[in-house]
Amino acid sequence: MTMTGRAIRPLLAGLAAAGFWFFVSAAQAGEADVLAAKAEQASDGTWRFEVTVAHEDEGWDHYADLWQVLAPDGTVLGERVLAHPHVEEQPFTRTLSGVTIPDAIQSVEIRARDSVHGFGGRSVIVALAR
């Protein structure tokens with residue numbers, strides 16, 4: 001039986017709660033996690049996002065390569081391509097400006113992707129202060 005990362009997390013959490021300890025090798029980078037995000041509306045009505053991502057980048061074969069701004073229905077409103085690994089800079093923060101968001105949307109989700117696992121790490125919901 002094969003278990004995905006999402007399926008094994010609850011199992012490991014339960015075992016940890018029962019007193020078992022697990023150590024993950026730094027050589028085995030997991031999924032990219034969004035640690036923090038903030039949004040600011042510009043005078044032209046578009047939005048600027050500042051996003052902090054953590055991922056144990058290993059080099060060009062395995063690194064956090066993208067983060068996205070998603071509407072509540074999953075529509076991609078904007079994305080920031082991360083053009084290179086950040087092996088020596090963890091966590092790292094990058095910005096994206098000029099994101100157009102319809103007035104009816106009150107919050108967005110920010111998620112990150114890595115080049116091996118794709119999406120699946122921790123995401124963050126950001127309320128939009130208009």
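The values are calculated or read from the model by the stated rules, or taken from the named source; none is laboratory data. Worth saying up front: this structure is predicted, and the values here are computed from it rather than measured. For neighbour counting, all protein chains shown are included, and Cβ atoms are generated from backbone atoms with ideal geometry for every residue, glycine included.
Just one of (1) surrounded by fewer than 19 Cβ atoms within 10 Å (Cβ to Cβ); (2) modelled with pLDDT of 75 or more trips up TRP21, so point out which.
Condition not satisfied by TRP21: (2).
So ARG111 passes all but one of these: (1) under 14 Å from ALA37 (Cβ atoms); (2) modelled with pLDDT under 95. Which condition number does it fail?
(2)
Can you tell me which condition LEU15 does not meet? The list is (1) of a type outside the set (Val, Ile, Thr); (2) modelled with pLDDT of 50 or more; (3) not in a loop (DSSP other than H, G, I, E, B), and all the others hold.
(2) is the only condition that LEU15 fails.
All but one of (1) without any contact (Cβ under 8 Å) to a residue 60 or more places away in the chain; (2) in a strand (DSSP E or B); (3) among the aliphatic types (A, V, I, L, M); (4) in contact with an Asp or Glu (Cβ under 9 Å, 6 or more places away or on another chain) hold for VAL126; which doesn't?
(1)
I'd like to check something: does segment 95-105 contain any residue that is in contact (Cβ under 8 Å) with a residue 40 or more places away in the chain and small (Gly, Ala, Ser)? Outline the logic, then answer.
At the first step, the residues of segment 95-105 found to be in contact (Cβ under 8 Å) with a residue 40 or more places away in the chain are 95-101.
Right, trim to small (Gly, Ala, Ser) and you get 97-98.
Yes, there is a match, as at least one residue in segment 95-105 is in contact (Cβ under 8 Å) with a residue 40 or more places away in the chain and small (Gly, Ala, Ser).
For segment 76-86, how many residues are loosely packed, with under 14 Cβ neighbours inside 10 Å and touching a strand residue (DSSP E or B) at 6+ places or on another chain (Cβ under 7 Å)? It would help to see each step written out before you state the result.
So in segment 76-86, the residues loosely packed, with under 14 Cβ neighbours inside 10 Å come out as 76, 81, 83-84.
Now drop any that are not touching a strand residue (DSSP E or B) at 6+ places or on another chain (Cβ under 7 Å), which leaves 76, 81.
Residues in segment 76-86 being loosely packed, with under 14 Cβ neighbours inside 10 Å and touching a strand residue (DSSP E or B) at 6+ places or on another chain (Cβ under 7 Å): 2 in total.
Just need a number here: residues in segment 38-83 that are at pLDDT below 95, of a type in the set (Asp, Glu) and part of a loop (DSSP other than H, G, I, E, B).
Number of matching residues: 4.
Return the total of residues in segment 93-121 being out of contact with any Phe, Trp or Tyr (no Cβ under 9 Å at 6 or more places or on another chain) and either surrounded by 14 or more Cβ atoms within 10 Å (Cβ to Cβ) or part of a strand (DSSP E or B) (or both). Give the steps one after another, and end with the answer.
In the first step, residues of segment 93-121 are kept if they are out of contact with any Phe, Trp or Tyr (no Cβ under 9 Å at 6 or more places or on another chain); the result is 93, 102-107, 109, 117-121.
Filter again for either surrounded by 14 or more Cβ atoms within 10 Å (Cβ to Cβ) or part of a strand (DSSP E or B) (or both), leaving 93, 105, 107, 109, 117-121.
The qualifying residues number 9.
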